[in-house]
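Notes follow once the structure below has been shown.
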Amino acid sequence: MAVEADHLARARTLHMDYEWREACDEFRAAGGLPALGVEDVERFAECAQIAGLNEDAINALERSFEVRAAEGHVRAALASAFWLWQAYNLNNEFAQANGWMARARELGPDDVGGEPGWLLITMAYGRIAAGAYDEAGVLLARARATAAAAHDADQLAFSTLLTGRALVKSGHLADGLDWLDDAMLRVVAGETTPRATSLLFCAAIGTCQMEAREVSRVREWSIALGSWLDAVPPFGGPFYGNCLTYRAVHLRLAGQWAAALAELQEACRSLADGAGTRLIGHARYELGESHRLLGDFPEAEAAFRAAAFSGGPTQPGLALLRLSLGDVPAAAAGIRRALGESAGSGARVDLLPAAVTVLLAAGARGEAAAAAEEIGSLAEHFASDSVRAAHAQALGELALADDDCQKALPELRRAADLWRGLDVPYEVARCSVLLATACRGVRDNEAAGLELESARQDFRRLGARADLAEVENMLLQPGVPPQYGLSPRELEVLRLIVRGRTNRAIASELFISERTVHRHVTSILEKLRVSSRTQAATHAIGQGIVSVAP
């Protein structure tokens, strides 16, 4: 018995010190669930759930529910039922999740006759998912009142944050963001338990990123999340992996690409087993985006495929990857398919800027213009500088496609200024490249050179190898017009054609198949409007598209 008491004491200490996985080991060594009092069962449940030990968490939560319900401690039983609902949902066992909520309803009012707040919160989740935002707001107002009366910090933070999410999704962005800020101040102040903290951080950042397009808030709450993660030991599992994914998205936006890549690789490891597999698709997609931006195209391809196999998104990243590889038809088909399937303003605002770029490359100017117009409508809806920047950039791209460089310049300058204000260096650099093209179009080669030098510095610092190669090629050829829609990979192939390489030699040098080289050569001939490799080489040298220097 003395040995078990020692294990129990260590388990409690480890729980307090956020050493959740080690605490679970000690709770088991202390005799496990049959030997633990209900408060230690609840500690075990929290540790197991945070650490991703889903079976242990469910067993402990079921035990605590039964004991608390039998003792008449309805509020504590409802809390266990809520976390069971979360665990089963994460495990894709939705019928069991709903079953536990049905059992919770049977308990009636809480210990002091108040409404069952956790039950109201789960009902509000359902109303939000169904688009019944007003109904969700009514439920959440009742949940907040119950939480405030009981001084339940977790319940109050959840109901406050969900109130904000419902308002944001219903189009009341300013009011919704106020509620989100209220909830997150409670989280950052340390009022919530670690289990709730990790979920609330991800929910707030996800809402700001996907629903409100609020880059500044994404940054602020991601930095706060990073501080919290740095203060606790790495704990693995789905809670940890999901937090890392959201922090990595911020790091990439902020230009810390190497750190973002490392976070996403760790996130994928944490989400690879058990309940985490439901969340891994998002992490794999973001991993693909990081590899794509870095110019690691084979790795990006593998990550996007893995995301698809996990039920995660693949667009617009996969279409932009295809564009970089010179496969314009596949890029256009992918983005058109994604636009046809997408529903909701949040999803479309992610797809549309890429659609403008891809569709212009495919020669579908009318479709690209329609996409740009829709971005403009969404910019009014969101009142977000990031969407305004995307709209201005799209208008600039359209003007460049029409050879109206004078019209493109103010739009692209506005886009660059907005991205700069949001501190998103990659988008600033992409605007600089477009601005350089527009400046050359109005014969201001000095301004074009300054824009390209600025972009080169940014791309080099970020590690954006494909973009850097494009800029350096443009710097070698001052005064050259836009590159005929050639992708960075097609420019590499064209340079090797100029040097007399065969398809086999090009394939060997670029580590790609001969079939892929043949596809690139066909695309190059079409874009340059020539009929042979010799004509392509002559045209490329004559127009200064590539340098003859090795």
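General observations
- A single entry from A57, A95 fulfils the requirement of being farther than 23 Å from A183 by Cβ and touching a residue at least 24 places away in the same chain (Cβ under 8 Å): A57.
- Single match in A303, A343 (criterion: of a type in the set (A, V, I, L, M, F, W, C) and more than 22 Å from G255 (Cα to Cα)): A343
- Residue identified as over 19 Å from M210 (Cα atoms) and surrounded by fewer than 18 Cβ atoms within 10 Å (Cβ to Cβ) among R292, R269: R269
For (1) crowded, with 19+ Cβ neighbours inside 10 Å; (2) closer than 27 Å to G131 by Cα, each residue gets a yes or a no:
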residue: G334; (1), (2): yes, no
residue: R337; (1), (2): no, yes
residue: A347; (1), (2): no, yes
residue: L395; (1), (2): yes, no
residue: L400; (1), (2): yes, no
residue: G421; (1), (2): no, no
residue: R430; (1), (2): yes, no
residue: V433; (1), (2): yes, no
residue: N445; (1), (2): no, no
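- Single condition A370 does not satisfy, out of (1) within 23 Å of the chain's Cα centre (by Cα); (2) among the hydrophobic types (A, V, I, L, M, F, W, C); (3) modelled with pLDDT of 95 or more: (1)
- Note on region 299-321: residues that are more than 18 Å from R430 (Cα to Cα), touching a residue at least 24 places away in the same chain (Cβ under 8 Å) and either assigned to a loop (DSSP other than H, G, I, E, B) or of a type outside the set (A, V, I, L, M) (or both) total 6.
- Verdict on D181 being assigned to a helix (DSSP H, G or I), farther than 28 Å from L287 by Cα, under 21 Å from the mean Cα position of the chain (by Cα) and among the charged types (D, E, K, R): yes
Yes or no, residue by residue, for (1) under 36 Å from the mean Cα position of the chain (by Cα); (2) at pLDDT 90 or above; (3) under 17 Å from W100 (Cα atoms); (4) buried (at least 20 other Cβ atoms within 10 Å of the Cβ):
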position	(1), (2), (3), (4)
R28	no, yes, no, no
E46	yes, yes, no, yes
G52	yes, no, no, yes
E55	yes, yes, yes, no
L61	yes, yes, yes, yes
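- Near pairs, Cβ below 9 angstrom, 6+ apart or cross-chain, from region 21-44 (more than 14 Å from A9 (Cβ to Cβ) and in contact (Cβ under 8 Å) with a residue 40 or more places away in the chain) to any residue that is outside any helix (DSSP H, G or I) and of a type outside the set (A, V, I, L, M, F, W, C): R21/G52; R21/P233; R21/G236
- Flag if R68 is surrounded by fewer than 24 Cβ atoms within 10 Å (Cβ to Cβ), touching a Phe, Trp or Tyr at 6+ places or on another chain (Cβ under 9 Å), among the basic types (K, R) and assigned to a helix (DSSP H, G or I): no
- Residue within region 164-181 that is within 18 Å of V232 (Cβ to Cβ) and touching a residue at least 24 places away in the same chain (Cβ under 8 Å) present: no
- As for region 435-442, it holds at least one residue that is surrounded by fewer than 22 Cβ atoms within 10 Å (Cβ to Cβ), in contact (Cβ under 8 Å) with a residue 24 or more places away in the chain, closer than 19 Å to P410 by Cβ and not hydroxyl-bearing (S, T, Y).
- Among the numbered conditions (1) loosely packed, with under 14 Cβ neighbours inside 10 Å; (2) in contact (Cβ under 8 Å) with a residue 12 or more places away in the chain; (3) small (G, A, S), the only one that G114 does not meet is (1).
The values are calculated or read from the model by the stated rules, or taken from the named source; none is laboratory data. From a predicted model like this one, the values you see are computed outputs, not experimental measurements. Note that each Cβ is placed from the backbone with ideal geometry, even for glycine, and that neighbours are counted across all protein chains shown.
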